[in-house]
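Working notes for the structure below.
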Amino acid sequence: MYRPLFLATAVVFASLTGLAQAADGNATSWQKGLSRTDLLRQDLGAADREVIQARIDFDAGVSAPRHAHPGVEVAYVISGTFEYRLEGQAPVTLKAGDSLFIPAGVAHEAKNIGNEKASELATYIVPKGEPLLILKP
């Protein structure tokens, strides 16, 4: 049985991205050329924080839309080459094995700049009950 908080967060995320993502861990497309597989959602023991971990797969040349998160994100490149653009910083290029810390609320984009599918492991430490993703203009 899924917790009501998880379902509420999934509904908000789906409304922002246009397509529902799987609550059972199966990969689903939430934007053309992107798929997301939720791996873990765990209470951190603090009254208001949880950790969420997901694998995001990008087709060649595909970008995630400009967005932010209510908590921190640590992105780890599993395969391929990405360019990350964080608001107020110079673009950075990361390859398999590289990691990037993205502070809470910082608007950012990620793009697969390689010729093949690329994947990242995203770990979020976020407030409970808030949408995971907020699209930015």
How do L44, L34, L121 line up, fewest other C-beta atoms within 10 Å first?
-> L44, L121, L34
Exceeding the 22 Å Cα-Cα cut-off - candidates K32/K128; K111/K136; K95/K128 = K32/K128; K95/K128
What is the gain in length, in nm to one decimal, between K32 and K136 on full extension, counting 0.36 nm per residue of separation less the C-alpha to C-alpha distance?
-> 35.6 nm
Calculated from backbone phi, Karplus (6.51, -1.76, 1.60) coupling profile of segment 100-114 in Hz, x at Gly/Pro = 9, 9, 10, x, 4, x, 7, 5, 7, 9, 10, 9, 7, 9, x
Going by average Cβ neighbours within 10 Å, how do the peptides 131-137, 58-64 rank, with the highest at the top?
-> 58-64, 131-137
Per DSSP, the loop-located GluC sites (Glu not before Pro) within segment 44-113 having at most 15 other beta carbons within 10 Å are E87
Simple spin-label estimate for K128 and R49 in nanometres, 7 Å along Cα-Cβ | 1.4
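No value in this document is a laboratory result; all are computed from the given coordinates. This structure is a prediction, so every number in the text was calculated from the model and none was measured. Using ideal geometry, Cβ is built from the backbone for each residue, glycine included, and neighbour counts are taken over all protein chains shown.
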